[in-house]
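Written out below as structure tokens is the structure these notes cover.
The values are calculated or read from the model by the stated rules, or taken from the named source; none is laboratory data. Nothing here was measured: the structure is a model prediction, and the numbers come from that model. Cβ placement follows ideal geometry from the backbone for every residue including glycine, while neighbour counts extend to all protein chains displayed. Side chains are part of the model used for accessible areas, which takes the heavy atoms of the whole protein and leaves out ligands, DNA and RNA. Shrake-Rupley method; radii C 1.70, N 1.55, O 1.52, S 1.80 Å.
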Amino acid sequence: MTQETPTPKKRSVNYISNEQALHNYEVVFTNLITQSEIKTAMAEYGYDEAKVNEGKELYTAARSAYDNNRSEIAQSTAARTAFDAQADTLFNTYATHRRHTKVYYRRQPEIIKQLNINGQLPRAFAARLQEAQNFYNLLAGTPALLTPLATFKITTDTVKEAQKQIDSTLALRAEYFREKGESQDATKVKDAAFRAIEMWLSDMFAVARIALEDTPQLLEALTKVI
């Protein structure tokens, strides 16, 4: 019987979410401000009302940055959803028109080559979009190629509608990248705000361990949530 190799134990990781961190910060400042013994002891070591308010402002900034980041993420997600839906509509339309055109001109490979629809539909977004643009632009500008396709329900109107779909797709793609950029910027601002309040709290806790060393239960009121 072969002895099984014991599974290594996973290391414990103390992860605190942004939401939990904000809750913890609020508890800390409530205790710093409202508990008179803590307030008095900390003031003797430089953490008077002005100093505590300095930290409270950092906490407020962190919460504001967090709320803004959540809003920007939601907007980015909505923009991506709208872009994906429009792109799917466009590419479904194009795939159908492409397939029907290849069938109609199956005996005229030179036209299929001219329309650049020989081979498989490109997988990459940019290549697929470029092919669709070229396809519809060529049909729109070449009645001799477009008119016969009316048999397969590809007409001037359907080509114009497809070109509008391309314009909408490009516009929504640009909007998505704009929202994505704003979301990334908001995340950087939020992370910086959290680092600022955490540094302030780290310094405050170092002082609190001295100021409240004779009253460990008060020190616990500040540190037990962190």
field: Under Karplus coefficients 6.51, -1.76 and 1.60, residue-wise ³J(HN,Hα) of the range 68-79 in Hz, glycine/proline x
entry: 5, 4, 4, 5, 5, 5, 4, 5, 5, 5, 5, 5
query: Over what distance in Å are the Cα centres of the range 21-37 and the range 47-103 separated?
result: 32
- request: Using a 1.4 Å probe over the heavy atoms of the protein chains, calculate the carbon and sulfur portion of the accessible area of the chain as a whole percent.
  value: 51
query: From the square roots a ≥ b ≥ c of the eigenvalues of the alpha-carbon gyration tensor of the range 37-104, which class results: rounded (a/c under 1.5), prolate (a/b over b/c), or oblate?
result: prolate
- request: Let me know the longest stretch in the chain that avoids all trypsin sites (Lys or Arg not before Pro) found in a DSSP loop with at most 14 other C-beta atoms within 10 Å.
  value: 12-105
Residue-wise HN-Hα coupling along the range 159-165, computed from phi with Karplus coefficients 6.51, -1.76, 1.60 (Hz; x: Gly, Pro): 5, 4, 5, 5, 5, 5, 5
task: Give me the net charge of residue 154's neighbourhood, meaning all other residues with Cβ under 12 Å from the Cβ of residue 154; Lys, Arg count +1, Asp, Glu -1.
output: +3
Label point distance in nm, residue 142-residue 34, each placed 7 Å from Cα along Cα→Cβ: 7.7
query: According to the square roots a ≥ b ≥ c of the eigenvalues of the Cα gyration tensor, what is the shape class of the range 121-161, taking rounded for a/c under 1.5, prolate for a/b larger than b/c otherwise, and oblate for the remainder?
result: prolate
field: Sites residue 96 and residue 67, calculated FRET efficiency, Cβ-Cβ separation with R0 30 Å, nearest 0.05
entry: 0.10
- prompt: Accessible area of residue 45, 1.4 Å probe, to the nearest 10 Å²?
  reply: 110
- prompt: What does the charge dipole of the chain about its Cα centre add up to, to the nearest 20 debye, if the Cβ of each Lys and Arg holds +1 and the Cβ of each Asp and Glu holds -1?
  reply: 2020
- request: Kindly flag which residue pairs out of 51/190; 113/180; 164/190 have an alpha-carbon separation exceeding 29 Å in this structure.
  value: 113/180; 164/190
task: Counting only C-alpha contacts under 8 Å and six or more residues apart, can you give the relative contact order of the chain as a whole percent?
output: 35
statement: On the formula 1/(1 + (r/R0)^6), with r taken between the Cβ atoms of residue 126 and residue 187 and R0 of 22 Å, the FRET efficiency rounded to 0.05 is 0.25
task: Report the extension gain between residue 214 and residue 156 in nm, rounded to one decimal, defined as 0.36 nm multiplied by the number of residues separating them, less their alpha carbon distance.
output: 12.3 nm
- prompt: Charges only on Cβ, +1 for Lys and Arg, -1 for Asp and Glu: so what's the dipole of the range 127-226 about the Cα centre, in debye to the nearest 20?
  reply: 540
field: Listed residues 129, 103, 115: farthest to the positive end of the dipole of the range 64-210 (Cβ charges)
entry: 103
field: Along each principal axis, Cα extent of the chain, largest first, Å
entry: 94, 66, 20
- prompt: Given the options 177, 125, 194, which has the most mean-square fluctuation in a GNM of the chain, springs set between C-alpha atoms less than 10 angstrom apart?
  reply: 125
